[in-house]
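Notes follow once the structure below has been shown.
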Amino acid sequence: MKNAAHIFVKEFKGYFISPIAYIVISLFLILSGWFFFSTFFLFNQAELRSFFSLLPVMFSFVIPAVTMRLFSEEFNTGSFELLSTMPVSSAEIIIGKFLAAFSFVVLMLIPTLSYGIFISFMGDLDIGPWIGGYAGAMLIGAAFSAIGLFASSLTRNQIIAFIVGMTICIVTTLVDKMLFFLPEAALSVFQFLGADFHFQNISRGILDSRDVLYFLSVCFVMLYLTHLVIQEKK
């Protein structure tokens with residue numbers, strides 16, 4: 001795993017060389033802050049429900065923007081061929097890049113902890129949903145990072161990687177809300193496939209192993225598909 005650690009450090013530092021990281025973090029904090037404070041003062045309730053209810057949709061756009069360059073840029077510049085000649089396995093490359101993207105998402109979430117601190121001064125903050133919300137945010141952030149990494153492995157064009165990743169994330173988020181015309185039995189299946197369904201369960205402070213297993217399964221499947229694509233390109 002030493003090689004994976006080197007790739008992780010390289011990719012994580014790489015985020016802050018270009019202005020994209022600062023733009024993505026700034027846009028995320030502006031949008032999340034706007035949605036949170038506009039509804040907070042409207043309903044005057046000491047809770048983070050409005051922030052967490054919109055987080056999966058915001059992540060569907062933000063995280064593919066974070067992951068789109070991870071493989072696409074290497075394919076486009078030809079550096080992937082050089083990387084392929086080095087004594088490093090596909091699994092180590094994928095794990096290193098995935099951890100870099102996931103760490104960036106966690107870093108992006110840290111400033112939003114101030115929302116909870118702000119609310120605690122305004123009223124009694126329920127700690128359970130607060131902790132559950134951030135646990136769910138990290139799980140869905142990991143799942144969407146894996147989806148974005150898979151999308152990036154498919155093409156050398158970063159824009160196409162972003163569109164593919166965003167489409168998969170938004171469909172995964174909204175799949176249980178757009179199929180109201182299906183029979184009730186089918187709805188329960190699509191509801192289980194929806195990332196937002198599992199995220200909202202955790203963000204209410206309810207830790208169910210099925211919700212955790214869902215996100216870990218998405219990570220595993222997407223990283224395994226990425227491995228197959230990279231093996232094919234080698």
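The values are calculated or read from the model by the stated rules, or taken from the named source; none is laboratory data. As the structure is a prediction and not an experimental result, all values here were calculated from the model. Every residue, glycine among them, receives a Cβ derived from its backbone with ideal geometry; neighbour counts consider all protein chains shown. Calculation scope for accessible area: heavy atoms of the full protein, side chains included, ligands and nucleic acids excluded. Shrake-Rupley method; radii C 1.70, N 1.55, O 1.52, S 1.80 Å.
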Query raised in the report: Could we say that Val106 is open to solvent by less than 60 Å² (accessible area, probe 1.4 Å), of a type outside the set (D, E, K, R) and in contact with a Leu (Cβ under 8 Å, 6 or more places away or on another chain) here?
Result: no
Query raised in the report: Within region 113-126, can one find any residue that is open to solvent by less than 30 Å² (accessible area, probe 1.4 Å) and assigned to a loop (DSSP other than H, G, I, E, B)?
Result: yes
**Report entry** Residue among Thr85, Thr39, Thr77, Thr67 that alone is β-branched (Val, Ile, Thr), in contact with a helix residue (DSSP H, G or I) (Cβ under 7 Å, 6 or more places away or on another chain) and without any contact (Cβ under 8 Å) to a residue 12 or more places away in the chain
**Finding:** Thr39
Query raised in the report: Could you say which residue among Ser38, Ser60, Ser18 is of a type in the set (Gly, Ala, Ser), open to solvent by 30 Å² or more (accessible area, probe 1.4 Å) and assigned to a helix (DSSP H, G or I)?
Result: Ser38
Query raised in the report: Would you say Ser60 is at pLDDT below 85 and out of contact with any Lys or Arg (no Cβ under 7 Å at 6 or more places or on another chain)?
Result: no
Query raised in the report: For residues in region 189-234 being of a type in the set (S, T, N, Q) and closer than 30 Å to Val88 by Cβ, which is modelled with the lowest pLDDT?
Result: Gln231
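Only one residue in Met138, Met86 is open to solvent by 50 Å² or more (accessible area, probe 1.4 Å), among the aliphatic types (A, V, I, L, M) and in a loop (DSSP other than H, G, I, E, B). Which one?
That would be Met86, the only listed residue that is open to solvent by 50 Å² or more (accessible area, probe 1.4 Å), among the aliphatic types (A, V, I, L, M) and in a loop (DSSP other than H, G, I, E, B).
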**Report entry** Residue in region 157-167 that is more than 28 Å from Glu74 (Cβ to Cβ) and out of contact with any Pro (no Cβ under 9 Å at 6 or more places or on another chain) present
**Finding:** no
Requested in this report: Hand me the list of helices (runs of 4 or more DSSP H) wholly inside region 160-234 holding 2 or more residues that are in contact (Cβ under 8 Å) with a residue 60 or more places away in the chain and either on the phi > 0 side of the Ramachandran plot or surrounded by 14 or more Cβ atoms within 10 Å (Cβ to Cβ) (or both).
Outcome: 195-203, 209-233
